[in-house]
Structure formats: structure tokens, C-alpha cells
């Protein structure tokens, strides 16, 4: 983790403007083609959720703006961003996870499974390991939403929030809408556009 010098940052004025707003977040919902990712998960007998979440995290970790967080009076850049995903229990409640990111898909899948076991064996809402070095994300495979809004704790909440909709078959492709909510004090539309491009590339790999 490193602390940015706000005074020499070319977004200083943008940061100071947006952090003063009551709601500095903006959100977009983007359609992604997940056909190849879905087929990959079936061919390799792994969770489709694990596959697309891994691709999402690779895209997140490739973009500097999505690794920035507001910490007290500082802006910090984390080396690695992990996944804090909601994981459902059999009783339809959920727990928040903290899934360590690893560029190796096999290791990442094991990390997901460990968090699933922990959540299913407890009633805890929050994970024992937690921090700002993550994204908050949730999968809603029951519905194909075209818009989405996440709860925000304060104008200083700087953790990006992502939601994944149901994957629906359109002609011969599977399409999935993905909502991304970001704090405009740290992230611009250009950065979200880069995320979209990189995520689709990883889904196609």
C-alpha cells in the first residue's frame, strides 16, 4: 500500500469536488458476453461464478483507479484488491466473504470454497479478515436486471461495488448484465470503460 500525494495529483480538484457531495457515487450497468466463460466453466467442471469473478478481479487489479481508497485524510493505493462477495446459506441468509485474490484460477477457486465453508458453518455476517483492499460484490442469478443501486455508508465509502445479474441466452450467446458503482472522487467514466474492456477480454480468454 502506498499513499498518494494529493497536492501533485492531476485529479486533485476533481477529488475535492466530488468528496464534498452527499452522494459522490455513480453507477452503470454493462452487458457482457459470457459465452466462452460459461463454456469454460462447464468444460473444466468449475463454478461459473468462480470463473467470472476471477476474470472480474483480474480486470479490477489491472486498473489503478479501482485500487484507490480514501483512508481518513489520505488516498491510498493497494497493491492487490480482493473480493468481498455475498455468499448465500441454505436458509437464504448470507454472509460477507473475504476471498483472497490469486492470479491462478485454481488457487482462487480454493479460496472461494474455504470462504463458503466458513460462512455455512457460522451465523456471522462479517468475515474475520476484512479491510478496504477489496471490492464488494454480489451475484443475483435469479433476475436479469438492467439497473441496480448499492447501499452506501457515507461519502467517504470508496470501495467499488459490483453486482452480477442472471446470464440469459440471446440467440447463441449468453449475456450477463454487470452493475458497477464507484466513488467519483476516485474513479471516472474512463476508468470504468477500461474495466469493461479488460473484463470482456478476460471473459473471452
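Derivation of every value follows stated rules applied to the coordinates shown; laboratory data play no part. Everything quoted here is computed from the prediction, not taken from an experiment. Don't worry about glycine lacking a Cβ; one is built from the backbone with ideal geometry, like all the others, and counts go over all protein chains shown.
Given a Förster distance of 30 angstrom, what is the FRET efficiency for residue 122 paired with residue 44, based on the Cβ-Cβ distance and rounded to 0.05?
0.50
Please work out the C-alpha center-to-center distance from segment 5-59 to segment 87-144 and express it in whole Å.
Cα centroid of segment 5-59 versus Cα centroid of segment 87-144: 17 Å apart.
Can you tell me the 0 to 90 degree angle between the C-alpha axis of helix 105-120 and the longest principal axis of the chain, rounded to 10?
90 degrees
Considering only DSSP beta bridges where both residues belong to segment 2-204, give the percentage that are antiparallel (nearest 5).
Beta bridges within segment 2-204, antiparallel portion: roughly 75 percent.
Report, largest value first, the span of the C-alpha coordinates of the chain along each principal axis, in whole Å.
That gives 51, 41, 30 Å along the principal axes, largest extent first.
Please determine, in degrees from 0 to 90 and to the nearest 10, the orientation of helix 48-61 with respect to the longest principal axis defined by the Cα atoms of the chain, where the helix direction is its Cα long axis.
20 degrees
So, in nm, how far is label residue 171 from label residue 72 when the simple model puts each one 7 Å beyond its Cα toward the Cβ?
Computed distance between label sites residue 171 and residue 72 equals 5.5 nm.
Determine the shape class of segment 106-205: with a ≥ b ≥ c the square roots of the Cα gyration tensor eigenvalues, call it rounded for a/c under 1.5, and otherwise prolate if a/b is greater than b/c, oblate otherwise.
Verdict is oblate for segment 106-205.
May I ask for the angle, rounded to the nearest 10°, between helix 189-204 and the longest principal axis of the chain, with both axes built from Cα atoms and the value confined to 0 to 90°?
So the helix axis and the longest Cα principal axis differ by about 20 degrees.
Within 10 Å of each residue's Cβ, count the other Cβ atoms and sort 82, 14 from fewest upward.
Exposure proxy ranking, most exposed first: 14, 82.
Based solely on its DSSP helices, what 222 nm [θ] is calculated for the chain when runs of n ≥ 4 H residues each add -39,500 (n - 2.57) and the sum is averaged over all residues, nearest 500 deg cm²/dmol?
-9500 deg cm²/dmol
For 126, 18, 195, which order do you get if you count the other beta carbons within 10 Å of each Cβ and list the fewest first?
126, 18, 195
Arranged by the count of other C-beta atoms within 10 angstrom, fewest first, what order do 117, 51 take?
Final ranking by Cβ density, sparse to dense: 117, 51.
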